[in-house]
Amino acid sequence: LVSRKKKPEDTIVDLKGEKIGDGSQRLVAGPCSVESYEQVYEVAKFMKSQGIRLLRGGAFKPRTSPYDFQGLGKEGLEILRRVADELDMVVISEIVSPQDVEMSLDYLDVIQVGARNSQNFELLKEVGGVDKPVLMKRGMSSTIDELIKGAEYILAKGNENIILCERGIRTYEKATRNTLDISAVPILKKETHLPVMVDVTHSTGRRDLLEPTARAAFAIGADAVMAEVHPDPAVALSDSAQQMDLAQFESFLDSLRASGLYK
Ligand code: PEP
Ligand code: MN
């Protein structure tokens, strides 16, 4: 069902007027984790001033270590919703458990399926059965075909509003956190009719690579780019090494706009 052969025309996912897949370039930004109302509001307010309405933030955090910050859970979703309603923004957040999908519908505009849950088929079936757009990330060690089949699980249950996300895969290369498979973008655009996003933060894991990688993503045909932004990354409860502060985010946007690849 996700195949271009089945449906030749592009699927456009409309997020409260922010269209993904219509040939424009979109940015999704926000903190790695929701930490407080003030933290989210500060980032969202700045995004809004830059004309960016797609707000991300993790509430249920899939952390490698059980001793790391696990996220605020439902309280995090409440914070995101409150900020988004105040500033007229669109909320994207990860749900890790099939049991939480129904509850999340009241708070989210987009349900994110994270890399670690890319082949959690019960979760895929659950998000496939609800009327809410899904951001489907590639698993850390998934092939492109496995990502496509994951999206097929969602579409097979009736949900057509899917955005695919390349976020880097695990390789032997240690210079970056993951290896961004940039060619996945045109392959996914060719093989499927779904819009494609590139997560420059979790792929590179390096603040200094976010802007050039975002340019590469748009140049190769990505519909959207995701990047993490935090008011003070040094004290962030997760991903402190790769989130941009507001000044860095502003220069990231200036360079991207100057490149002509992002309008
Ligand atoms: C995230 O976007 O918050 C995240 C945890 O990313 P990934 O699932 O790609 O690691
Ligand atoms: Mn993160």
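The values are calculated or read from the model by the stated rules, or taken from the named source; none is laboratory data. As the structure is a computational prediction, the values presented were derived from the model and not from experiment. Ideal geometry is used to build each Cβ from the backbone, glycine not excepted, and the neighbour counts take in all protein chains shown.
Taken over segment 110-139, the residue count meeting the criterion of being in contact (Cβ under 8 Å) with a residue 60 or more places away in the chain and part of a loop (DSSP other than H, G, I, E, B) is 1. Being within 17 Å of V28 (Cβ to Cβ), more than 16 Å from ligand 2 (Cβ to nearest atom) and free of Cβ contacts under 8 Å to residues at least 60 places away in the same chain is the requirement here; does A59 meet it? When the stated conditions are applied, A59 does not pass them.
Inspect all residues belonging to segment 82-90 and state whether any of them is hydrophobic (A, V, I, L, M, F, W, C), crowded, with 21+ Cβ neighbours inside 10 Å, more than 11 Å from G58 (Cα to Cα) and out of contact with any Asp or Glu (no Cβ under 8 Å at 6 or more places or on another chain). Yes; the residues of segment 82-90 include at least one that is hydrophobic (A, V, I, L, M, F, W, C), crowded, with 21+ Cβ neighbours inside 10 Å, more than 11 Å from G58 (Cα to Cα) and out of contact with any Asp or Glu (no Cβ under 8 Å at 6 or more places or on another chain). With respect to the conditions (1) touching a residue at least 40 places away in the same chain (Cβ under 8 Å); (2) under 24 Å from A216 (Cα atoms); (3) within 13 Å of ligand 1 (Cβ to nearest atom), D10 lacks only one, and its number is (3). Can you spot a residue in segment 218-228 that is of a type outside the set (A, V, I, L, M) and within 12 Å of ligand 2 (Cβ to nearest atom)? There is at least one residue in segment 218-228 that is of a type outside the set (A, V, I, L, M) and within 12 Å of ligand 2 (Cβ to nearest atom). Restricting attention to segment 140-168 and to residues that are within 16 Å of ligand 2 (Cβ to nearest atom) and buried (at least 17 other Cβ atoms within 10 Å of the Cβ), the residue that is farthest from G21 (Cα to Cα) turns out to be G168.
Candidates in segment 198-213 are the residues that are in contact with a strand residue (DSSP E or B) (Cβ under 7 Å, 6 or more places away or on another chain) and touching a residue at least 60 places away in the same chain (Cβ under 8 Å); of these, the one that is nearest to E173 (Cα to Cα) is T201. So which residues in segment 61-83 are in a helix (DSSP H, G or I) and among the basic types (K, R), if there are any at all? Result: K74, R81, R82. The set of residues in segment 26-36 being more than 16 Å from ligand 1 (Cβ to nearest atom) and either within 14 Å of the chain's Cα centre (by Cα) or modelled with pLDDT under 95 (or both) is empty. The residue list G260, G205 contains one member that is more than 15 Å from ligand 2 (Cβ to nearest atom) and over 30 Å from K6 (Cβ atoms), which is G260. Considering only residues in segment 245-255 that are touching a helix residue (DSSP H, G or I) at 6+ places or on another chain (Cβ under 6 Å) and not in a loop (DSSP other than H, G, I, E, B), the one that is farthest from ligand 1 (Cβ to nearest atom) turns out to be S255. Out of curiosity, is P66 closer than 22 Å to D239 by Cβ, of a type outside the set (S, T, Y), without any contact (Cβ under 8 Å) to a residue 12 or more places away in the chain and within 16 Å of ligand 1 (Cβ to nearest atom)? Spelling it out, P66 is indeed closer than 22 Å to D239 by Cβ, of a type outside the set (S, T, Y), without any contact (Cβ under 8 Å) to a residue 12 or more places away in the chain and within 16 Å of ligand 1 (Cβ to nearest atom).
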